[in-house]
1. Would you please name the residue that is farthest from the chain's Cα centre (by Cα), looking only at residues in the range 110-124 that are modelled with pLDDT of 95 or more and under 19 Å from residue 61 (Cβ atoms)?
2. Could you grab me the full set of residues in the range 51-67 that are outside any loop (DSSP other than H, G, I, E, B), surrounded by fewer than 19 Cβ atoms within 10 Å (Cβ to Cβ) and touching a strand residue (DSSP E or B) at 6+ places or on another chain (Cβ under 8 Å)?
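The values are calculated or read from the model by the stated rules, or taken from the named source; none is laboratory data. As the structure is a prediction and not an experimental result, all values here were calculated from the model. Cβ atoms come from the backbone with ideal geometry, glycine included; neighbour counts cover every protein chain shown.
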């Protein structure tokens with residue numbers, strides 16, 4: 001009887017610890033960063049809204065951007081090519097496309113061919129799978145699905161996994177007047 005009680009306590013403890021098997025989404029009760037107040041369009045580089053307004057998927061793919069605190073002040077935003085969608089890359093001195101964000105011309109419902117080693121979920125049902133680009137790196141890539149949006153967002157960093165995770169935490173919707 002005592003052994004059964006100990007096993008029950010261990011099982012309850014393991015289930016409530018918040019841990020998950022590798023490759024499975026970790027439970028997260030955190031609100032999604034994009035649930036915070038949207039960034040005013042004047043707070044993001046103009047290339048965001050220029051690219052978004054020209055994108056084929058703009059009706060199903062809201063513009064998102066990094067809160068300014070996440071951006072290195074030496075970074076320069078520029079257009080990034082994403083067929084059917086929109087993208088913004090940031091260049092650093094001596095490093096082209098050091099990091100960036102895009103609303104890809106791919107539906108969020110399409111299955112991802114890549115099994116990502118890291119997963120995040122948010123309380124609104126949004127999720128991200130991320131890890132080394134192409135499975136080997138060294139660049140890091142995230143496929144982000146935001147609840148209520150029809151496109152798959154891409155977020156990337158050549159500055160490492162911690163940088164990519166910081167970028168995911170800094171994503172906000174952009175108030176984009178038509």
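1. Only one residue tops the list, namely 124.
2. Initially, the range 51-67 is screened for residues outside any loop (DSSP other than H, G, I, E, B), giving 51-54, 64-66.
Within this subset, residues satisfying the condition of being surrounded by fewer than 19 Cβ atoms within 10 Å (Cβ to Cβ) are 53-54.
Listed by number, the list holds a single entry, 54.
Yes/no per residue for (1) assigned to a strand (DSSP E or B); (2) touching a strand residue (DSSP E or B) at 6+ places or on another chain (Cβ under 7 Å); (3) over 23 Å from residue 37 (Cα atoms):
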position	(1), (2), (3)
82	no, yes, yes
106	yes, yes, yes
120	yes, yes, no
144	yes, yes, no
156	yes, yes, yes
159	no, yes, yes
168	no, yes, no
